[in-house]
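The values are calculated or read from the model by the stated rules, or taken from the named source; none is laboratory data. Since this is a predicted model, take the numbers as computed values, not measurements. Using ideal geometry, Cβ is built from the backbone for each residue, glycine included, and neighbour counts are taken over all protein chains shown.
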Amino acid sequence: MHQAAVPSVIPPAKGRTYLTLQAGRGIAAIMVVIFHTTSFLGGDPRYWHLRWLSIRFTGLSLGVDYFFVLSGTVILLAHRKDIGHPATIPSYLWKRFRRVYPIYWLVLTTLVLEYTLRPGLGAPWQKDASVILSGYLLISINTLHTTLPVAWTLFHEVLFYAIFAVLLASRRIGLILLALWCALSILMLIHPWNLFCLAYLFSPLHLLFASGMLVARLLYSGRLPGAVSFTILGACIFLAAIVIAGVAGDQSFPIQLLAGAGATFLVLGAARLEARGHIAVSRSLRFAGDASYSIYLIHYPFFMFSAPIVYKLCLRFHIPVAVPFVVLPVCAVAVGCGLHVLIERPLLRLIPRRKPRLWASA
């Protein structure tokens, strides 16, 4: 799930950095890791196939919806002053590209090469040329499938970035387009269309980006009484959505939007409490937020290659399922943190923060 593809450094609003947004990214990424752990333990008939386990932990997939709300908040916080200024578009696009694509391309390329060298791995559609091309571009061409399963969220992130770029070009046109985008997303919720392109362009999940932008707007206004109430209400709604999803074994749009509503209140309330000095974010949570994108990208491929080995070891040595239930997600998070420290950070240092001069002179 997630995020997951938002900047690793939360931009300041009125000179403030909201570390609770960072912490939220880390927690959401770990939620998705645990969800996919139970998917391998319970949902895949090749392994333990404890179906009840995957059903009961379905709600942890809602960490992705938390990511989407955070993304809307972060982008508006970072680029609020750029709205209506077309000259800022190249810099904005470069920053989005720099944060999303390089480490993602590295993970995706590794997976594509592994599928090529080991033809027995993966589903046939994961090796399809159009699916691979769509994956590299993060633009759906003629399918909603992805070679890297968790990358489906990035397609929606990139679409949101494109919509936001119109806001930078023209505030008026951008607001009209954003309103139309949200209206059609609501219509898709009420009357779903079967065409894959419409399901992609107007997914109801896009309403979560708008909710996140509303959070950013309220944070900028600085006038928000009842921050404690917002935080408690948001936590209750989000937890209720997790429980409902676990009981129903369902991740339908209504449940996801309910989780998004809870995330909206929770992000808003927590950020305001932090601004008042009532919440302190630990260094470990800040690091988890920094590493969340790497954790999100690598954990599913890690499970793909490690689950068969762990399953065989469990059968051979009669290891109870509780052990891989703990060991697999811990190891996946550790691998993600290692990817962040050893590859993502150095890669970002190599890539300039500002757009290349050739682009600047274009």
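Which residues, taken from the range 88-113, are over 22 Å from residue 295 (Cβ atoms), of a type in the set (A, V, I, L, M) and in contact with a Leu (Cβ under 9 Å, 6 or more places away or on another chain)? The one that is over 22 Å from residue 295 (Cβ atoms), of a type in the set (A, V, I, L, M) and in contact with a Leu (Cβ under 9 Å, 6 or more places away or on another chain): 89. State yes or no: is residue 285 touching a Gly at 6+ places or on another chain (Cβ under 7 Å) and surrounded by fewer than 20 Cβ atoms within 10 Å (Cβ to Cβ)? Yes.
Looking across the range 182-204, the residues that are in contact with a helix residue (DSSP H, G or I) (Cβ under 6 Å, 6 or more places away or on another chain) and of a type outside the set (Gly, Ala, Ser) come down to 182, 189, 202, 204. Taken as a whole, the range 41-54 holds at least one residue that is modelled with pLDDT under 95, polar (S, T, N, Q) and part of a helix (DSSP H, G or I). Taken over the range 63-87, the criterion of being in a helix (DSSP H, G or I), touching a Leu at 6+ places or on another chain (Cβ under 6 Å) and over 25 Å from residue 24 (Cα atoms) is satisfied by 82 alone. Taking the range 317-345 as the range and being β-branched (Val, Ile, Thr) and in contact with a helix residue (DSSP H, G or I) (Cβ under 8 Å, 6 or more places away or on another chain) as the test, the residues that pass are 319, 321, 323, 327, 333, 335, 341, 343.
Listed by first and then second residue, the pairs linking a residue in the range 297-320 that is at pLDDT 95 or above to a residue that is among the small types (Gly, Ala, Ser) and crowded, with 17+ Cβ neighbours inside 10 Å, with Cβ atoms under 7 Å apart and 6 or more places separating them unless they lie on different chains, are 298/336; 299/332; 299/336; 302/332; 303/332. Among the residues of the range 84-99, not a single one is within 25 Å of residue 146 (Cα to Cα), surrounded by 15 or more Cβ atoms within 10 Å (Cβ to Cβ) and touching a Gly at 6+ places or on another chain (Cβ under 7 Å).
Restrict the check to the range 205-212 and report whether at least one residue is out of contact with any strand residue (DSSP E or B) (no Cβ under 9 Å at 6 or more places or on another chain), crowded, with 16+ Cβ neighbours inside 10 Å and modelled with pLDDT under 95. The answer is no; no qualifying residue exists. When 13, 4 are checked against the criterion of being buried (at least 24 other Cβ atoms within 10 Å of the Cβ) and modelled with pLDDT under 90, 4 stands alone in meeting it. Just one residue in the set 256, 251 is buried (at least 21 other Cβ atoms within 10 Å of the Cβ), among the polar types (S, T, N, Q) and closer than 30 Å to residue 142 by Cα; that residue is 256.
Condition (residue is within 18 Å of residue 152 (Cβ to Cβ) and within 14 Å of the chain's Cα centre (by Cα)) applied to the range 75-86: is it met by at least one residue? No, there is no match, as no residue in the range 75-86 is within 18 Å of residue 152 (Cβ to Cβ) and within 14 Å of the chain's Cα centre (by Cα). Restricting to the range 312-352, name every residue that is of a type in the set (Phe, Trp, Tyr) and either part of a loop (DSSP other than H, G, I, E, B) or closer than 23 Å to residue 30 by Cβ (or both). Once the filter is applied, which keeps residues that are of a type in the set (Phe, Trp, Tyr) and either part of a loop (DSSP other than H, G, I, E, B) or closer than 23 Å to residue 30 by Cβ (or both), the range 312-352 yields only 325.
State whether the residues of the range 242-250 include one that is within 30 Å of residue 104 (Cα to Cα), of a type outside the set (Gly, Ala, Ser) and at pLDDT below 95. Checking the range 242-250: at least one residue is within 30 Å of residue 104 (Cα to Cα), of a type outside the set (Gly, Ala, Ser) and at pLDDT below 95.
Applying the criterion of at least 3 residues that are farther than 30 Å from residue 306 by Cα to the helices (runs of 4 or more DSSP H) found wholly in the range 112-228 leaves 152-169, 171-190, 196-201, 206-221.
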